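Accompanying notes for the structure given below.
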Amino acid sequence: MPSVKLTRRDFLKLSAASAALASAGCSPPAERIVPYARQPENELPGVPRFYASAASFVGAAEGVLIESNTGRPTKVEGNPAHPGSTGSTSIHGQASVLQLWDPDRSKAPRKRGQPATRAQFDRELNDVLTRIESRRGEGLRVLIGACDSPTLAAQLTALIHRLPEARVHRWDPLHRDRSHEGARLAFGEVLEPIARIEEAGAILSLDSRFLDDHPFRLNYARQFAAARTPRSACAAFTPSRARLRSPARWPTTDTACAWPTSKPGCSTRTKRSGATCSSIGASSSAASRSRRRRMPSSIA
Amino acid sequence: MPQVFRPPAVFALKLALLAAVLVIAVIWVTLYKALPAHSGALSPQQPIPFSHKHHVGDDGIDCRYCHWSVEKSSFAGIPSAQVCLTCHSQLFSDAAILEPLRESARTGKPLAWARVHDLPDFVYFDHSIHVAKGVGCVECHGHVERMPRIERVASLEMQWCLECHRREAADRHLSVQRMTDCSTCHR
């Protein structure tokens with residue numbers, strides 16, 4: 001075992017050092033106030049500003065109010081004036097604040113894992129764009145999720161107009177294609193049906209989690225809750241009675257009075273059931289759609 | 001000569017001496033290092049030796065000229081370099097002491113002032129409500145017009161806050177319960 005030689009002087013030196021460290025550690029941490037170098041107009045430090053915006057979900061807008069503190073978005077809440085929000089946000093809306101500002105996000109472009117400069121990125125992007133433009137957009141593929149922004153749609157149209165060989169691919173794991181297809185069959189055009197949940201005595205929902213991943217879910221949730229509250233003392237308490245079929249447990253299914261389960265993969269089909277029925281979720285991807293034509297007889 | 005103390009007693013004495021040294025060290029650190037009066041926290045060095053005595057006492061500039069958000073926000077506001085330069089682009093415009101200020105305005109890199117009045121982060125203090133209810137700046141910040149370098153005169157301890165809240169509640173016939181409720185400051 002190695003022997004540690006510690007002379008009396010060394011011991012005293014170490015003791016003094018540790019005492020000095022301890023005393024330094026005891027003083028309160030020094031805080032700095034960093035004012036603006038150039039004060040922006042109408043900015044009150046300490047008073048948040050709110051911006052009305054919209055968060056896109058399943059191709060539909062969810063009205064939100066974004067709290068901004070000295071230019072930094074810190075919180076996303078629902079916009080009471082928006083019919084799709086009625087003052088509430090979903091879990092996706094709450095989490096979307098990190099899309100606006102995330103301190104953990106990379107602050108500079110990277111090239112093959114190595115930090116690069118913005119100018120370098122611009123130069124390389126320019127090279128690629130020049131190459132694509134010379135081939136009228138051949139080889140350019142834009143991958144995009146469900147989106148109903150007219151601005152983005154106009155920009156994509158302009159892009160295709162300029163580069164006719166380019167292609168835009170839309171895909172979203174949470175899509176409403178079947179619901180839209182049903183609406184097209186029924187009304188001749190793609191429409192989004194809006195249910196008056198509040199007035200329903202009983203709800204039969206076939207594989208539609210209208211409180212969870214429906215574009216109008218926040219409004220539906222508010223209506224659903226309102227329908228379950230006695231409106232006045234004399235009115236009889238008539239709660240909404242939801243009957244749902246879904247292979248998995250969700251808040252929608254948890255609110256249901258009855259929840260007959262079906263095997264995963266036994267999705268319902270819009271055409272035959274006749275009800276507004278959406279097939280949402282990764283399990284109903286286009287690739288596996290053909291396998292799922294069987295329908296439980298209890299639904300029909 | 002026989003030994004005065006037996007070995008266990010000698011050991012106990014050594015331990016007692018060591019303990020005494022430790023106790024003295026702890027007291028010394030507490031009194032002369034950790035307490036704000038001696039740690040430099042009451043009047044820290046600033047990036048520019050700004051004198052409130054000169055600006056407030058001699059020149060008579062209103063507090064709100066620089067601390068402009070004190071009536072509207074929880075934060076009183078520290079002036080931007082541009083606000084300082086409204087005067088100092090003309091007065092003392094080439095003083096070496098103001099070089100950090102000119103550099104800040106030139107480069108856009110802000111100055112970092114040392115905070116003198118620092119409340120714990122679990123206290124929600126709002127300047128605007130205190131000013132709106134007629135509490136003068138001097139009540140908490142002291143006579144800054146006599147301070148060449150800004151210093152803290154109030155302890156900023158909870159007892160100090162409550163003393164004033166109790167006194168004002170009694171003087172203005174307000175609800176003591178509301179003025180001293182936990183959630184009034186700890187939200």
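At a glance:
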{"item": "Partner chain coverage, peptide A:37-48 - average Cβ within 10 angstrom", "result": "5"}
{"item": "Cα→Cβ-extended label distance, 7 Å offset, between A:Q114 and B:H186, nm", "result": "5.4"}
{"item": "Helical segments meeting 15 Å axial Cα length and Kyte-Doolittle -0.5 threshold in chain B (DSSP H)", "result": "B:7-29"}
{"item": "Length gained when the stretch B:Q159-B:I129 is fully extended (0.36 nm per residue, less Cα-Cα span)", "result": "8.8 nm"}
{"item": "Distribution of pairwise C-alpha distances over segment B:122-187, 5 Å bins, in %", "result": "3, 14, 23, 28, 18, 8, 5, 1"}
{"item": "As computed over segment B:61-103, the Cα convex hull volume per residue (Å³)", "result": "75"}
{"item": "Distance histogram in 10 Å bins (all Cα pairs of segment A:67-156, percent per bin)", "result": "12, 23, 36, 20, 9"}
{"item": "Long-range amide H partners of A:S205 with built H, under 5 Å", "result": "A:R243, A:L244, A:R245"}
{"item": "Dimensionless Rg/Rh of segment A:1-137 - Kirkwood Rh, Rg from C-alpha atoms", "result": "1.26"}
{"item": "Accessible area per residue, Å², chain B with all protein chains present, probe 1.4 Å", "result": "68"}
{"item": "Solvent-accessible surface (1.4 angstrom probe) belonging to B:V21, in square angstrom, nearest 10", "result": "100"}
{"item": "Fraction of accessible area attributable to carbon and sulfur, segment B:50-187 (%, probe 1.4 Å)", "result": "58"}
{"item": "Whole-number Å³ per residue for the convex hull built on Cα positions in segment B:78-168", "result": "140"}
{"item": "Principal axis box of segment A:182-226, alpha-carbon based, largest edge first, Å", "result": "33, 21, 17"}
{"item": "A:V168 long-range amide H proximity, modeled H, under 5 Å", "result": "A:V142"}
{"item": "Length-normalised contact order for segment B:65-187 - Cα pairs under 8 Å, 6+ apart - percent", "result": "23"}
{"item": "Per residue value of the accessible surface for segment A:18-134 (all protein chains in place, 1.4 Å probe), Å²", "result": "66"}
{"item": "Label-point separation, A:V47 to A:L21 (7 Å along Cα→Cβ), nm", "result": "4.8"}
{"item": "Set A:K75/B:K53; A:K107/B:K72; A:K13/B:K14 screened for pairs whose C-alpha atoms are more than 31 Å apart", "result": "A:K75/B:K53; A:K107/B:K72"}
{"item": "Over chain B: helical MRE at 222 nm, DSSP H runs n ≥ 4 each giving -39500 (n - 2.57), nearest 500", "result": "-11500 deg cm²/dmol"}
{"item": "Longest to shortest principal axis, alpha-carbon extents of segment B:1-105, angstrom", "result": "86, 34, 25"}
{"item": "Carbon/sulfur fraction of accessible area - segment A:88-127, other protein chains in place, 1.4 Å, %", "result": "54"}
{"item": "Diffusion coefficient, µm² s⁻¹, Stokes-Einstein with Kirkwood Rh over alpha-carbon pairs of chain B at 25 °C and 0.890 mPa s", "result": "118"}
{"item": "In the B-A interface, the accessible area buried, summed over both sides, Å² (probe 1.4 Å)", "result": "2100"}
{"item": "Which of A:V47, A:S68, A:A37, positive extreme of dipole for segment A:12-90 (C-beta unit charges)", "result": "A:A37"}
{"item": "Estimated dipole of segment A:1-141 in Debye, rounded to 20 [Cβ of Lys and Arg +1, of Asp and Glu -1, Cα centre]", "result": "960"}
{"item": "Under 9 Å, Cβ to Cβ, from B:E145 - net charge with Lys/Arg +1 and Asp/Glu -1", "result": "+1"}
{"item": "C-alpha center-to-center spacing [segment A:36-101, segment A:183-233] in angstrom", "result": "26"}
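The values are calculated or read from the model by the stated rules, or taken from the named source; none is laboratory data. Everything numeric here is computed off the predicted structure, so don't read it as measured data. Positions of Cβ are backbone-derived with ideal geometry, glycine not excepted, and every protein chain shown enters the neighbour counts. Side chains included, ligands, DNA and RNA excluded: accessible areas come from the protein's heavy atoms. Shrake-Rupley method; radii C 1.70, N 1.55, O 1.52, S 1.80 Å.
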